[in-house]
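Notes follow once the structure below has been shown.
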Amino acid sequence: MKINYYIGLTLLLGACAAPTTSMNLESTPPLKEKFLFYIDENTNLHESELLTTIQLPSKDYLVPSVLNLLPNAKREYRSGYHEGIDFSAPLNTPITAVSGGIVVRSNPQHMDVDLDTYNAFLSTSAELGKTPDDIYQYILLGKSIVIDHGYTITSKFRTISVYAHLSNIAEGILPGTLVEKGDLIGFSGNTGTSDGALRNNKGAHLHWELHFDDATERYFLGQNIPSDYLHDNIKILFD
Ligand SMILES: [Zn+2]
C-alpha cells in the first residue's frame, strides 16, 4: 500500500508539473521584449548581447512605426515578405554606413530593366509563390551595397547590412573597401522598383536590411517579433 501511495504521489506531481511548465512557455510574449529577432530559445538575439549600437543609415530619417515599412510586412507584388526597413529618405539623400565593416557588394553598373521585363520577373515570383533569391538580389534591390560587419555588432552572429534602391553609389565604395561608421556610401533612389523600371523620379526611399548569420541559417532584424514589440525592439539597436 505504501509503495502505491508513493507511486501515486509521484504521478500526481508529474502530471501537475507538466502543465505548469507549458503554461510558462505559452505566456512568453513579454520574453520577446528587447529581442532583435527570436526564432526559439536557442536562436535569438537579445539587447544584452549587443556589443555596440549602430547609426541610422541617414541621420534625419528615423525608424518608421508604420508596420508596412518594417520587417515581416507582406510584399504581395513579389509574393514575399519584407526583411528590412523602408526609410522615407527622398531622392539623393546621402546614405551612410551604420557601422564599420568591409564592402562585400557594390554594383554601380546596375541598369534597371524595362517595365515589361520587370513585370515578367514578378510573374515568375507569383508562379513560384515566393521571391526567388536571384530576382531579389539582381533585379529588385537595384543599385545596392552590402557591408560585412563580422562579429563587431554581436559576438553571437556574423552581421551584414544591405542598402538598396540607391540612385548612385559613392566613389570608391567597391568590394573590399573598408568603411567606418558614418562614412558616405551612396544616395537614396528608386532603382529596382517599378518606378525605376519606368525611369521616373517617384517612390525614392532607402530599403535597408540587417542580417545575422550562424552556421546553418540567416536571420533578419525583427524576424518573428510580434508587431506590438517590433518598433521598440528595432529602436534599441540604434544610437
Ligand atoms: Zn523595403
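The values are calculated or read from the model by the stated rules, or taken from the named source; none is laboratory data. Computed from a prediction, not measured in an experiment: that's the story for all the values here. A quick note on method: Cβ atoms are made from the backbone with ideal geometry, for glycine too, and the neighbour counts reach across all protein chains shown. These area figures cover heavy atoms from the full protein model, side chains too; ligands, DNA and RNA do not enter into them. Shrake-Rupley method; radii C 1.70, N 1.55, O 1.52, S 1.80 Å.
Miscellaneous remarks
- Test: residue in segment 84-97 that is open to solvent by less than 10 Å² (accessible area, probe 1.4 Å) and more than 15 Å from the ligand (Cβ to nearest atom): yes
- Residue pairs meeting the criteria (Cβ under 7 Å; at least 6 apart or on separate chains; first part of a helix (DSSP H, G or I), in segment 52-81; second β-branched (Val, Ile, Thr) and open to solvent by less than 60 Å² (accessible area, probe 1.4 Å)): Leu69/Ile85; Arg78/Thr131
- Restricting segment 157-180 to residues that are open to solvent by 70 Å² or more (accessible area, probe 1.4 Å) and in a strand (DSSP E or B), the residue that is farthest from the ligand (Cβ to nearest atom) is Leu178.
- Condition broken by Thr154, with the remaining ones in (1) away from the ligand (no atom under 14 Å from the Cβ); (2) open to solvent by less than 10 Å² (accessible area, probe 1.4 Å); (3) more than 17 Å from the chain's Cα centre (by Cα); (4) not acidic (Asp, Glu) satisfied: (3)
- Across segment 103-151, the qualifying residues are those that are farther than 21 Å from Asp183 by Cβ and of a type in the set (Ser, Thr, Tyr), and the one among them that is most open to solvent (accessible area, probe 1.4 Å) is Tyr138.
- Per-region count, segment 181-224, residues over 20 Å from Thr117 (Cα atoms) and either away from the ligand (no atom under 16 Å from the Cβ) or part of a loop (DSSP other than H, G, I, E, B) (or both): 19
- Test: residue in segment 189-201 that is open to solvent by 60 Å² or more (accessible area, probe 1.4 Å) and over 22 Å from Tyr77 (Cα atoms): no
- Here Gly222 fits the description: at positive phi and under 18 Å from the mean Cα position of the chain (by Cα).
- Checking Ala204 against (1) open to solvent by 10 Å² or more (accessible area, probe 1.4 Å); (2) under 16 Å from Val103 (Cβ atoms); (3) touching a strand residue (DSSP E or B) at 6+ places or on another chain (Cβ under 8 Å), the condition it does not meet: (2)
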